[in-house]
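Novice: Got a structure for you, questions after.
The values are calculated or read from the model by the stated rules, or taken from the named source; none is laboratory data. Keep in mind that this is a model prediction, so the values were computed, not measured. Quick reminder, even Gly has a Cβ in these numbers, built from the backbone with ideal geometry, and neighbours come from all protein chains shown.
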Amino acid sequence: MDSILYFFIGFLIMSGIYSVFTVGLNIHWGQTGLFNIGIASFFLLGAYTAAIFSSPSPNLAKYEEYLWGGNFSQLTLLGVDIWFPIILLLSAFICILVAIPLAMVTIRLKEDYLALVTLGLAETLRIVFINETWLANGTRGMYSIPRPFDYINIGNYDYIYFVVVVITLIFVYFIAQKATNSPWGRVLRGIKDNETTMIASGKNVLKFKVEAFAFGAGIMGIGGALFTHGKRFIDPITFEPMLATFIIWSMLMVGGSGNNKGAIFGSFLMWGIWTFTQFLPGFLSDANLRFVFVGLIIILFQLYKPQGIIPAK
Amino acid sequence: MKKLDILLDNKILSLIIIVICLASFLKPWLLINGILIGSLYSLGSIGLSLIYGNLKFANMAHGDFMTLSSYIALTLMMFLFPNSENSTSVGPFTFKYELLMVMPLAVIIIGFMAVILDKLIFKKLRKLNATSAAIALCSLGLAVSIRGLIQFIWGTDSARFPRESKLFWDLPFRIKIPPDMFFCSVVAVIIAIIFYLVLFKTTLGKAIRATSDNPDLARITGINTDRIILYIWFIGGILAATAGILISVQQALITPVMGWKILIPLFAAVIVGGIGNPIGALIGGILIGITGELATGWINPSYKPAVYFFVLLIVLLLRPNGILGNKGRQF
C-alpha cells in the first residue's frame with residue numbers, strides 16, 4: 001500500500017513541476033502568441049544553474065571532471081534553507097539573461113523565426129553540456145544534488161518535496177495570474193489578438209514581446225531548478241526534446257492556452273496519461289506509442305478544440 | 001550582376017565570404033566535402049522552401065518525412081528483394097542495384113503521403129484561418145507522431161541499407177571523397193535541375209508561382225489553387241524523400257532522429273536563400289554545407305549543429321530576408 005502511495009506522490013511532484021513549465025509556456029504562447037519550441041533550452045539552463053550552484057566543489061577521488069560547484073547548499077539562516085529560493089531566483093535570472101538577447105534578435109522578424117532559433121538553442125546548449133565536461137561533468141551528469149529541508153525526517157522525503165513543489169507552484173501561479181490581469185497582461189493579449197491595433201494605440205509592441213518572452217523563460221528556469229532538486233540527477237539526455245518540450249506543448253493544448261488554471265490542469269492530465277499508460281497490457285504500453293499520442297493530441301486539439309478543455313475567459 | 005552588387009554592398013557579408021575563401025584555401029579538402037554535403041542539404045531545403053514560401057508556414061515535419069522515406073525504402077528492399085544483402089553493388093558505390101529500384105517507389109509513397117496529410121490536417125487549418133504559428137505547431141505535432149510511429153515500427157536502434165565497403169577516391173590536395181557522396185550529390189543536382197525546369201518552364205510551374213505570389217489573383221485567373229497546393233505538397237514530399245534516402249546512403253546509417261537533427265541546417269539554408277526562393281535554397285544549402293564542414297577544421301566536429309545555429313542567428317541578425325536581397329517572394 002505504501003509503495004502505491006509513494007508512486008502517487010512522485011507522480012504529483014512531477015505533474016507540479018511540469019505545471020510550472022506549462023504556466024511559463026502559457027505566458028509565451030497563450031498570452032502573447034510567441035512560438036517557443038525550445039522549452040528544453042530554458043529547462044536545461046535552469047536545471048544546470050541550480051545543480052552547479054548548489055553542489056559542493058567536486059571531489060577528485062570520484063573522478064569527477066567538473067571544476068566548480070557553488071556549494072550554496074551550506075547557506076542557511078537560523079536553520080532554515082534559505083538557499084533554495086535563492087537558487088530558484090538565480091535559475092530564473094540566468095534564463096532571463098539568455099532570453100532577452102535571443103528575443104531582441106528574432107522577435108522583430110516573422111513569428112516562425114523565434115521557433116527556429118529556440119529549437120536551435122536547445123540543441124546547441126545540449127551539445128555544449130555534452131562536450132564541456134569541465135562545466136557540469138558531461139554525459140556522466142551531475143548527481144547527489146543537494147535537496148532542501150533534507151534534515152526534516154519523516155520517513156519519505158517525497159512528502160516534503162511535494163510541499164515544496166506545491167508552494168512554488170502556488171507562488172508561480174500567483175505571479176503569472178497577477179501579470180495576466182495587470183494592464184501589462186492586457187497589452188500582451190491585445191498583441192496576440194491584433195498586433196496592428198496595439199501598434200496603432202501607441203504601444204511599443206517589440207518591448208512588450210521581449211518582456212513577455214523573458215518573463216516566461218524565467219518561470220521555465222524556476223521549473224528547471226525544481227526538477228533538479230527533485231530528481232537529484234541530471235545529464236544532457238534529460239533534456240531531449242520529447243519530455244522537455246513536446247509534452248509541455250501537449251499539456252498546454254489540452255488544458256487551454258491563455259488560461260493559467262487550464263495550463264495546470266493540462267499538466268496533471270497529460271502527465272497522468274503519460275504515467276499510467278505504462279501499465280496497459282501488451283504493446284499498448286510501448287513508450288513510442290505515447291510519442292504518437294502526444295503528437296496527435298497537439299494536432300487534434302488545434303483542429304477541433306483550439307481553446308482547450310478550460311478555455312480562457 | 002545586380003545580385004553580386006548586393007553581396008558586395010554588405011561589408012559584414014563580404015567579410016564572411018572572405019573568411020570562407022581563406023579557410024577553404026587553407027584546408028581545401030573540407031571545401032569539397034562541404035559542397036558535396038551541401039548539395040544534399042540543398043535538396044531538402046528546396047522542398048522546405050517551396051512549402052514555406054507557398055503555404056506560409058515552417059513545416060517542422062519535413063525532416064521526419066525524410067526519415068520515413070529511408071525506412072520505407074529499407075522495408076521495401078527487405079520485402080521485395082530479401083537476398084539483396086548478397087547481391088552485387090553498383091560500380092564503385094557501396095549500395096546495391098535494388099536500392100535504385102525501390103527508391104522511386106518510396107519517394108512516390110512519401111509524395112502521396114504528404115498530399116493525404118494535407119487533406120487530413122492542413123486543409124482544415126487553412127479553412128479555420130489558423131495563424132502561421134498554429135499551422136507550424138500542428139506540423140510539429142505531426143513530426144512527433146511520425147517519429148513515434150517510426151520508433152514503434154522499426155525500433156529506436158539505427159539501421160542501414162545493405163552495403164559493401166568500398167575504397168574512397170583519393171584526389172590531390174588531401175581530398176578524399178567517398179564515391180557514394182559523389183553519386184548522391186550528382187543525383188541531388190539532377191533533381192534540383194528537373195525541379196527548376198518544372199517550376200520555370202511548364203504551365204504547372206507558372207501556376208505554382210502565381211499561387212505563391214497572390215492566391216486570390218491566381219484564383220480569379222482560373223487557377224485551381226486547391227489543386228496547386230496538392231501539387232506543392234507532392235513535390236515537397238518527393239524532394240524531402242529523395243534527400244532523406246540520399247542522406248542515409250551517404251551516412252550509411254538510418255536513425256529515427258536523423259530528420260529532426262537536420263531541420264536546423266535546412267531552415268538555415270532556406271532563410272539564407274530567402275524563403276520561397278528555390279535557387280536561393282540551393283545556394284543556401286551549399287553555403288551551409290561548406291560552413292559546417294570548414295568549421296570542423298578548427299572546431300570540435302561535434303559542435304557542427306551549433307555552427308548551423310550560429311549561421312542561422314547571424315543571418316537573422318544581418319539579412320533576415322536572405323542574402324540574395326529579395327523580400328522572400330521571388331517566385
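Novice: Among the residues in region A:227-237, are any buried (at least 20 other Cβ atoms within 10 Å of the Cβ), aliphatic (A, V, I, L, M) and either at pLDDT 90 or above or not in a helix (DSSP H, G or I) (or both)?
Specialist: yes
Novice: Looking at region B:150-167, which of its residues are within 14 Å of chain A (Cβ to nearest Cβ), touching a residue at least 24 places away in the same chain (Cβ under 8 Å) and not in a loop (DSSP other than H, G, I, E, B)?
Specialist: B:Ile150, B:Gln151, B:Ile153, B:Trp154
Novice: Within region B:16-59, work out how many residues are touching a residue at least 12 places away in the same chain (Cβ under 8 Å) and within 25 Å of B:Pro301 (Cβ to Cβ).
Specialist: 25
Novice: Anything in region A:1-31 that is of a type in the set (Ser, Thr, Tyr) and modelled with pLDDT under 90? List them, or say none.
Specialist: A:Ser3, A:Tyr6
Novice: In region A:222-253, what count of residues is obtained for those that are touching a residue at least 24 places away in the same chain (Cβ under 8 Å) and under 17 Å from A:Ile37 (Cβ atoms)?
Specialist: The total comes to 16.
Novice: A follow-up question, please. Just checking, which of B:Ser49, B:Ser132, B:Ser70, B:Ser42 is hydroxyl-bearing (Ser, Thr, Tyr) and over 16 Å from the mean Cα position of the chain (by Cα)?
Specialist: B:Ser132
Novice: Is it the case that B:Ile116 is more than 7 Å from chain A (Cβ to nearest Cβ) and either in contact (Cβ under 8 Å) with a residue 12 or more places away in the chain or outside any helix (DSSP H, G or I) (or both)?
Specialist: no
Novice: Do we have any residue at all in region A:62-78 that's within 14 Å of chain B (Cβ to nearest Cβ), under 26 Å from B:Pro305 (Cα atoms) and surrounded by fewer than 21 Cβ atoms within 10 Å (Cβ to Cβ)?
Specialist: Looking for residues that are within 14 Å of chain B (Cβ to nearest Cβ), under 26 Å from B:Pro305 (Cα atoms) and surrounded by fewer than 21 Cβ atoms within 10 Å (Cβ to Cβ), one finds none in region A:62-78, hence no.
Novice: Related question: Can you find a residue in region A:277-288 that is at pLDDT 90 or above and not hydroxyl-bearing (Ser, Thr, Tyr)?
Specialist: No, the conditions are met nowhere in region A:277-288.
Novice: Does A:Thr106 satisfy the criteria of being within 7 Å of chain B (Cβ to nearest Cβ) and under 12 Å from B:Leu316 (Cβ atoms)?
Specialist: yes
Novice: Could you run through region A:246-293 and say how many residues are of a type in the set (Phe, Trp, Tyr), facing another protein chain (nearest Cβ under 10 Å), in contact with a Gly (Cβ under 9 Å, 6 or more places away or on another chain) and surrounded by fewer than 23 Cβ atoms within 10 Å (Cβ to Cβ)?
Specialist: 1
Novice: Mind checking which helices (runs of 4 or more DSSP H) fall wholly inside region A:140-209 and carry at least 2 residues that are closer than 30 Å to A:Leu109 by Cβ, modelled with pLDDT of 90 or more and in contact with a helix residue (DSSP H, G or I) (Cβ under 8 Å, 6 or more places away or on another chain)?
Specialist: A:157-181, A:183-193
Novice: Sticking with this one: Could you say which residue among A:Phe7, A:Phe84, A:Phe43 is more than 14 Å from every other protein chain (Cβ to nearest Cβ), surrounded by 14 or more Cβ atoms within 10 Å (Cβ to Cβ) and more than 14 Å from the chain's Cα centre (by Cα)?
Specialist: Matching residue, one of A:Phe7, A:Phe84, A:Phe43: A:Phe84.
Novice: Return the residue satisfying two criteria in turn: it lies in region B:307-330 and is at pLDDT 90 or above and surrounded by 23 or more Cβ atoms within 10 Å (Cβ to Cβ), and of such residues it is farthest from the other protein chains (Cβ to nearest Cβ).
Specialist: The qualifying residue farthest from the other protein chains (Cβ to nearest Cβ) is B:Tyr308.
Novice: Only one residue in B:Ile109, B:Ile146 is in contact (Cβ under 8 Å) with a residue 12 or more places away in the chain, under 20 Å from B:Ile238 (Cα atoms) and within 14 Å of another protein chain (Cβ to nearest Cβ), so which one is that?
Specialist: It is B:Ile146.
Novice: Restricting attention to region B:245-292, report how many residues are under 28 Å from B:Thr211 (Cα atoms) and in contact with a Phe, Trp or Tyr (Cβ under 7 Å, 6 or more places away or on another chain).
Specialist: Number satisfying all stated conditions: 11.
Novice: What are the residues in region A:128-160 that are touching a residue at least 24 places away in the same chain (Cβ under 8 Å), among the polar types (S, T, N, Q) and exposed (fewer than 13 other Cβ atoms within 10 Å of the Cβ), if any?
Specialist: The answer is A:Thr139, A:Ser144.
Novice: Kindly check whether there is at least one residue in region A:113-136 that is within 24 Å of A:Gly33 (Cα to Cα), at pLDDT below 90 and outside any helix (DSSP H, G or I).
Specialist: no
Novice: A further question follows. Of the residues in region B:221-237, how many are crowded, with 23+ Cβ neighbours inside 10 Å and touching a Lys or Arg at 6+ places or on another chain (Cβ under 8 Å)?
Specialist: Residues flagged as crowded, with 23+ Cβ neighbours inside 10 Å and touching a Lys or Arg at 6+ places or on another chain (Cβ under 8 Å) within region B:221-237 amount to 0.
Novice: Output yes when any residue across region B:252-264 is of a type outside the set (D, E, K, R), outside any helix (DSSP H, G or I) and closer than 17 Å to B:Tyr52 by Cβ, and no when none is.
Specialist: Yes: one or more hits.
Novice: Then there's this: Being free of Cβ contacts under 8 Å to residues at least 12 places away in the same chain and crowded, with 17+ Cβ neighbours inside 10 Å narrows it down to one of B:Ala240, B:Ala218, B:Ala268, B:Ala295, so name that one.
Specialist: After ruling out the rest, the residue left standing is B:Ala218.
Novice: While we're here: In region B:126-135, what residues are in a helix (DSSP H, G or I) and either over 18 Å from B:Arg227 (Cα atoms) or within 7 Å of another protein chain (Cβ to nearest Cβ) (or both)?
Specialist: B:Ser132, B:Ala133, B:Ala134, B:Ile135
Novice: Taking only pairs six or more apart or across chains, which ones have beta-carbon atoms under 9 Å, a first residue in region A:190-217 that is without any contact (Cβ under 8 Å) to a residue 24 or more places away in the chain, and a second residue that is hydroxyl-bearing (Ser, Thr, Tyr)?
Specialist: Within 9 Å, the pairs are A:Gly190/A:Thr197; A:Gly190/A:Ser201.
Novice: Looking only at region A:281-313, how many residues end up being under 29 Å from B:Gly155 (Cβ atoms), among the small types (Gly, Ala, Ser) and touching a Phe, Trp or Tyr at 6+ places or on another chain (Cβ under 8 Å)?
Specialist: Here the count works out to 2.
Novice: The conditions are (1) in contact (Cβ under 8 Å) with a residue 40 or more places away in the chain; (2) within 8 Å of another protein chain (Cβ to nearest Cβ), and A:Phe301 fails exactly one of them. Which is it?
Specialist: Checking A:Phe301 against (1) in contact (Cβ under 8 Å) with a residue 40 or more places away in the chain; (2) within 8 Å of another protein chain (Cβ to nearest Cβ), the one that fails is (2).
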